[in-house]
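The next block holds one structure in the form of structure tokens; read it before the comments.
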Amino acid sequence: MLSDKKQSFLFIIIVWAMALGMLLLPETAQGLYGLTPLLAVCLMMFLIVRDGYSAEGWRRLGFKFKGRKEYILALLIPLCSLGAGYAVYWTGWASSLIPPDSWIKTAIYLVVYIVLGSISALGEEIGWRGWLLPRFQWMGRVTSSITLGLIWAIWHYPAILGPRAYHSSGNRWLVLTLFTLSVVFAGIIMNELRLTSGSIWPAVLLHGTNNAVDSVLRNITTSSSPMLEYVAGESGWVPVILYGAVAVWILNRNLRMKRQRVILEL
């Protein structure tokens, strides 16, 4: 039986290899990119480790709906962070906001897209927060969260640096740096929501909300200027700062609560 450490390394190699392989597929098949963590989980659970044939293997994925406040945070954190980024961009660049015909319809669209975005994010989250994060705890809570955030960011690199560039506006290396920080900080938050709730669903909701808010706000924003990539959205400095602040706060808070529980138990 492979240890959690060996399983983790093998999973990372598989999912990164799949991500690189996706660049060889035609553009019509690029939607499969987000499913590579799920595909790697299937390989690990049914062919390599084979814990997919036991109840314990499925339990570790965290499919049960647990937690309460974690779902509220999963909605509010990306809504406030990305919303602030676009607000700064609209204020600083004249005529960058394109008011929609109906703000009510826009709000409804946001709700629908949060649901659809969460469904889309599920394939990734089963891999990162469902399968890998519990097996990363041999590193310790803080180190595992930061490391997983970096691994998740690097997984995006082939899509950003490849021929069909994702986030292609502006200076690619500056965007890559900001995007990496954003993903690491957001990943830490999602990891903490997963660990405190014992469920992957808060992480799925935050991931889906992040994508939905960015898509909806980008649709009502003129994007001719590359400054949009630098200020708002997934690679904007405003969300990076806010996600970073929340990541530091939530890590400190949860570690402090953990130490308090240990003292009480003693």
(message) If Leu132 meets every condition in (1) surrounded by fewer than 18 Cβ atoms within 10 Å (Cβ to Cβ); (2) within 18 Å of Glu192 (Cα to Cα) apart from one, which number is that one?
(response) (1)
(request) Identify all residues within the range 229-250 that are more than 18 Å from Ala212 (Cα to Cα) and open to solvent by less than 20 Å² (accessible area, probe 1.4 Å); write none if there are none. (result) Gly244, Ala247, Ile250
(request) Please go through the range 9-36 and pick out each residue that is at pLDDT 95 or above and within 21 Å of Ser199 (Cα to Cα). (result) Phe11
(request) Return the pairs, sorted by first residue and then second, in which the second residue is modelled with pLDDT under 75 and not in a helix (DSSP H, G or I), the first residue lies in the range 155-176 and is open to solvent by 70 Å² or more (accessible area, probe 1.4 Å), the beta carbons are less than 9 Å apart, and the residues are 6+ apart or on different chains. (result) Arg172/Ala165
(request) Could you grab me the full set of residues in the range 227-242 that are of a type in the set (Phe, Trp, Tyr) and closer than 15 Å to Ser96 by Cα? (result) Tyr230
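Restricting to helices (runs of 4 or more DSSP H) lying wholly in the range 1-114: which have 2 or more residues that are touching a residue at least 12 places away in the same chain (Cβ under 8 Å) and surrounded by 14 or more Cβ atoms within 10 Å (Cβ to Cβ)?
Details: elements: 4-22, 36-43, 55-59, 69-92.
The qualifying helices (runs of 4 or more DSSP H) are 4-22, 36-43, 69-92.
Determine, yes or no, whether Trp138 is touching a residue at least 40 places away in the same chain (Cβ under 8 Å), surrounded by fewer than 19 Cβ atoms within 10 Å (Cβ to Cβ) and over 23 Å from the mean Cα position of the chain (by Cα). Steps first, answer last, please.
Numbers: touching a residue at least 40 places away in the same chain (Cβ under 8 Å): yes; surrounded by fewer than 19 Cβ atoms within 10 Å (Cβ to Cβ): yes; over 23 Å from the mean Cα position of the chain (by Cα): no.
Against the criterion (touching a residue at least 40 places away in the same chain (Cβ under 8 Å), surrounded by fewer than 19 Cβ atoms within 10 Å (Cβ to Cβ) and over 23 Å from the mean Cα position of the chain (by Cα)), Trp138 does not qualify.
The values are calculated or read from the model by the stated rules, or taken from the named source; none is laboratory data. Worth saying up front: this structure is predicted, and the values here are computed from it rather than measured. Using ideal geometry, Cβ is built from the backbone for each residue, glycine included, and neighbour counts are taken over all protein chains shown. The area values use the complete protein model at the heavy-atom level, side chains included, leaving out ligands, DNA and RNA. Shrake-Rupley method; radii C 1.70, N 1.55, O 1.52, S 1.80 Å.
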